[in-house]
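Colleague: Before I ask anything, here is the structure I am working with.
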Amino acid sequence: MILSDKLIMAEIDKGTIIIEPFNQECLGTNSYDVHLGKYLATYKNRVLDAKVHNEIDHFEIPKSGFVLQPNTLYLGVTLEYTETHAHVPFLEGKSSTGRLGIDIHATAGKGDVGFCNTWTLEISCAQPVRIYAGMPIGQLIYFVVDGEIETMYNTKSNAKYNNKTTKPVESMMWKNTF
C-alpha cells in the first residue's frame, strides 16, 4: 500500500517520516516532490572497477545551470534530507524530468526503513540538457511495511551510506567481499 497525502502528513506529524526542508506545496496526492541539490559529481576515471574505490570530483552547479552530456554518469543529490522510520521510501523521477530525457537513478530507487540522509542520484541523459540547482527532480513515495523490522538501516554496522551529507556519494561496492 502506498501512503496518501493525508497519511504522509500524519506520519510526518508522528515523526516517522522527516523531510527537511518541508514545503506543503511539494506534497502530491500520494508523493512528495524532491529537488536537485547544488552539487554534482563525476568519476575521475572513465573506466570504473567494482573492486576498487572509484573516486569522484564534486562541483557546484552554477546559477546559470549546467549542461548534462550523454554517455556520462553524473551523481547528484537531493536538496531534501529525509528520514523514514516505519515505511519503505521509493524515489522515482518526475514525468517532467523524464520528458527532458533525464534519468535520475539507474537501479537505486528504493530506500530502506531507517534510511536517514539526502538521496544520491545516478543521473544520465538522452541528449544534452541544462539543469539547475533547486529544480524539481523526483518524487518520494512511501510503502507500508508488513511485519516487524529487525534491524533499521541507520543501525546496521555494515551500512555504507549512513554518513550525513549534502554532496553526492560515490559507489561503495568496493567495501563488499566478492
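The values are calculated or read from the model by the stated rules, or taken from the named source; none is laboratory data. Computed from a predicted model, the values in this text were never measured in an experiment. Glycine also receives a Cβ, built like all others from the backbone with ideal geometry; neighbour counts cover every protein chain displayed.
Colleague: Looking at (1) surrounded by fewer than 16 Cβ atoms within 10 Å (Cβ to Cβ); (2) more than 22 Å from LYS38 (Cβ to Cβ); (3) free of Cβ contacts under 8 Å to residues at least 60 places away in the same chain; (4) not charged (D, E, K, R), which is the one condition that is false for MET173?
Modeller: Among (1) surrounded by fewer than 16 Cβ atoms within 10 Å (Cβ to Cβ); (2) more than 22 Å from LYS38 (Cβ to Cβ); (3) free of Cβ contacts under 8 Å to residues at least 60 places away in the same chain; (4) not charged (D, E, K, R), MET173 violates only (3).
Colleague: Can you work out which of the residues in region 89-124 that are under 19 Å from GLU170 (Cα atoms) and in contact with a helix residue (DSSP H, G or I) (Cβ under 7 Å, 6 or more places away or on another chain) is surrounded by the most Cβ atoms within 10 Å (Cβ to Cβ)?
Modeller: Kept after step one, since they are under 19 Å from GLU170 (Cα atoms), are these residues of region 89-124: 91, 103-112, 115-124.
With the extra rule that they be in contact with a helix residue (DSSP H, G or I) (Cβ under 7 Å, 6 or more places away or on another chain), the set shrinks to 104, 112, 115-116.
On the way: ILE104: 25, ASP112: 16, PHE115: 20, CYS116: 17.
Only one residue tops the list, namely ILE104.
Colleague: Scan (1) modelled with pLDDT under 95; (2) assigned to a strand (DSSP E or B) for the single condition GLU148 breaks and write down its number.
Modeller: Unmet condition: (2).
Colleague: Tell me, which strands (runs of 3 or more DSSP E) wholly within region 29-82 include 1 or more residues that are of a type in the set (Gly, Ala, Ser)?
Modeller: Working: elements: 32-35, 39-43, 56-60, 66-68, 74-77.
The qualifying strands (runs of 3 or more DSSP E) are 39-43, 74-77.
Colleague: ASN162 fails exactly one of the following numbered conditions: (1) surrounded by fewer than 18 Cβ atoms within 10 Å (Cβ to Cβ); (2) touching a helix residue (DSSP H, G or I) at 6+ places or on another chain (Cβ under 7 Å); (3) modelled with pLDDT of 95 or more; (4) of a type outside the set (A, V, I, L, M). What is the number of that condition?
Modeller: Every listed condition holds for ASN162 apart from (3).
Colleague: Kindly list the number of the only condition in (1) under 21 Å from ILE131 (Cβ atoms); (2) under 20 Å from the mean Cα position of the chain (by Cα); (3) touching a residue at least 40 places away in the same chain (Cβ under 8 Å) that fails for PRO70.
Modeller: So PRO70 meets the others, but not (2).
Colleague: From (1) over 19 Å from CYS26 (Cα atoms); (2) of a type in the set (A, V, I, L, M); (3) without any contact (Cβ under 8 Å) to a residue 60 or more places away in the chain, pick out the condition that doesn't hold for VAL129.
Modeller: Exception for VAL129: condition (3).
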